[in-house]
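Worksheet: the structure to be examined is printed underneath.
The values are calculated or read from the model by the stated rules, or taken from the named source; none is laboratory data. Everything numeric in this text was worked out from a predicted model, so none of it was measured. Cβ atoms come from the backbone with ideal geometry, glycine included; neighbour counts cover every protein chain shown. Keep in mind that these areas ignore ligands, DNA and RNA; they rest on the heavy atoms of the full protein, side chains included. Shrake-Rupley method; radii C 1.70, N 1.55, O 1.52, S 1.80 Å.
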Amino acid sequence: MLSADVTACPYPEARVVFQPGGNVRDVDVRRLVPRTDVLLADPRLAEAERRLGRGLVKAAVVRAQQRARNGQIDPAEVADAAVAELPARAAGLTPVINATGVLVHTNLGRAPLSAAAVDAIAAAAGHCDVEFDLAAGVRARRGAGALDALARAVPEAEAVAVVNNNAAALVLAATALARPEVAGSPEIVISRGELIEIGDRFRLPDLLACTGATLREVGTTNRTTAADYAEATGPRTAFILKVHPSNFRIEGFTAAVGVPALAELGDSHGVPVVFDIGSGLLTPHPLLPDEPSAATALRDGAALVTASGDKLLGGPQAGLLLGRADLIRRLRRHPLARALRVDKLTLAALEATLTGPVPPVAAALAADPASLFDRAERAVARLAAAGLDARVVPSSAAVGGGGAPGVELPSAAISLPEALAAPLRRGSPAVVGRLEAGRLLLDLRSVPPEADSLLAAAILAAASR
């Protein structure tokens with residue numbers, strides 16, 4: 001049997017078909033586009049449906065079909081086009097190599113988790129004993145492993161608790177530590193120099209005010225004394241709040257009151273001192289002498305310390321509460337604690353961060369500048385051999401995430417033409433650096449050594465596009 005000869009027509013929606021016997025007719029090209037059910041039966045798309053779900057796969061098929069109807073691709077290419085459009089994973093978040101030199105980059109997800117934490121999340125993703133005693137077969141304390149690990153990490157704390165972020169920890173403290181025996185809204189005494197604003201217009205005074213508490217602001221922006229606190233502390237005071245101004249510094253004619261003096265004042269009035277240390281440093285770090293730690297704050301007399309889990313600690317997003325057992329008990333028993341509790345994945349990652357190997361943030365913080373230059377030189381040698389304009393330059397990295405403002409960490413960077421910034425961001429994996437003086441700098445302090453080969457390959461791929 002003779003087959004029809006199909007050739008292109010000037011109109012994208014039609015084709016000229018030469019049939020046996022010399023007859024000629026126009027055929028709507030849309031009739032040649034494979035049906036959705038036929039395409040979904042393609043083994044590649046069927047496998048993708050099991051991995052990604054029907055919705056994402058069908059959406060890729062529909063887009064490919066529309067391209068064929070528009071004349072952009074041949075109907076026979078629809079299946080291949082749909083496969084090419086499939087996302088790598090069901091979630092829309094894209095893995096990024098952080099080469100900005102900012103170790104805790106809020107826009108890039110703050111602290112990268114350790115391999116141990118990632119493995120713990122995978123283990124806890126299904127059913128797990130988050131709130132069950134397998135030996136006794138009865139209900140158990142929720143997240144006991146993570147809480148015990150946190151308590152061991154900071155033995156100065158009589159008790160600990162975990163909520164979903166540091167802002168939640170402060171909200172819980174402001175709500176639960178109110179004095180019910182005193183009429184009127186509870187008061188929180190705080191220095192005007194510590195009424196901070198952090199990213200995305202988050203303002204601490206607004207957060208505390210939404211709990212119904214009244215802020216008793218004392219002192220001035222640059223100077224606050226113990227007498228200022230003493231004058232404002234009274235029967236309605238729920239607690240004295242000290243906040244580490246972690247994302248800015250005030251220099252010059254300044255005065256502030258330390259935790260020991262505040263604790264003495266608080267004890268004389270029967271009022272606890274709550275210290276928001278912010279960045280989550282549990283014990284002092286030699287490179288960050290001005291960054292407060294939970295251990296030091298508690299030794300100095302703070303009754304309660306709040307901190308973030310996804311900054312210098314290097315774990316998942318969490319709000320850490322450490323301090324006196326009676327205060328932690330009040331926080332845990334407050335109804336709001338249920339609304340702010342963390343899930344099993346956070347508990348798993350937090351425990352692995354505390355008990356496992358050194359997290360990536362801590363490793364990056366401790367990196368030897370000489371080793372950073374060695375890594376940069378090896379990468380540049382590979383890139384230069386491929387004809388790229390690549391150089392090794394000294395750089396200054398930063399902690400980021402509102403931690404250790406003004407502290408510069410000596411580093412080494414790969415300097416590339418600025419034009420590579422956009423293709424690197426669009427690559428897989430995406431690479432994000434920083435622009436300085438018309439060059440793209442890829443700072444290696446925020447890049448783990450095991451990612452060096454991947455980074456070099458990404459640069460070469462971006463340069464070839």
Worksheet entry | Residue, modelled with the highest pLDDT, within region 183-213, restricted to residues that are open to solvent by less than 50 Å² (accessible area, probe 1.4 Å), over 20 Å from Pro260 (Cα atoms) and among the β-branched types (Val, Ile, Thr) | Thr211
Practice prompt. Report, by residue number, each residue of region 313-368 that is farther than 30 Å from Arg445 by Cβ, among the small types (Gly, Ala, Ser) and in a helix (DSSP H, G or I).
Written response: Ala325, Ala337, Ala339
Worksheet item: List, please: which pairs have Cβ atoms under 8 Å, are six or more places apart or on different chains, and start with a residue in region 59-78 that is of a type in the set (Asp, Glu) and end with one that is outside any helix (DSSP H, G or I)?
Response: none
Discussion item. Under 6 Å between Cβ atoms, which residue pairs at least 6 apart in sequence (or on different chains) link something in region 90-118 that is assigned to a strand (DSSP E or B) with a partner that is among the charged types (D, E, K, R) and crowded, with 21+ Cβ neighbours inside 10 Å?
Written reply: Arg110/Asp310
Item to complete: Go through region 286-312 and count every residue that is open to solvent by 30 Å² or more (accessible area, probe 1.4 Å), in a loop (DSSP other than H, G, I, E, B), of a type in the set (D, E, K, R) and out of contact with any helix residue (DSSP H, G or I) (no Cβ under 8 Å at 6 or more places or on another chain).
Response: 1
Worksheet item: Could you say whether any residue in region 349-371 is open to solvent by less than 40 Å² (accessible area, probe 1.4 Å), of a type in the set (A, V, I, L, M), over 19 Å from the mean Cα position of the chain (by Cα) and more than 20 Å from Asp148 (Cβ to Cβ)?
Response: yes
Practice prompt. Just one of (1) in a loop (DSSP other than H, G, I, E, B); (2) crowded, with 16+ Cβ neighbours inside 10 Å trips up Val274, so point out which.
Written response: (1)
Item to complete: Could you figure out which of (1) assigned to a loop (DSSP other than H, G, I, E, B); (2) surrounded by fewer than 17 Cβ atoms within 10 Å (Cβ to Cβ); (3) in contact (Cβ under 8 Å) with a residue 24 or more places away in the chain isn't true of Val130?
Response: (2)
Discussion item. I'd like the residue in region 375-411 that is assigned to a strand (DSSP E or B), of a type in the set (A, V, I, L, M) and closer than 30 Å to Ile277 by Cα and, out of all such residues, is most open to solvent (accessible area, probe 1.4 Å).
Written reply: Ala398
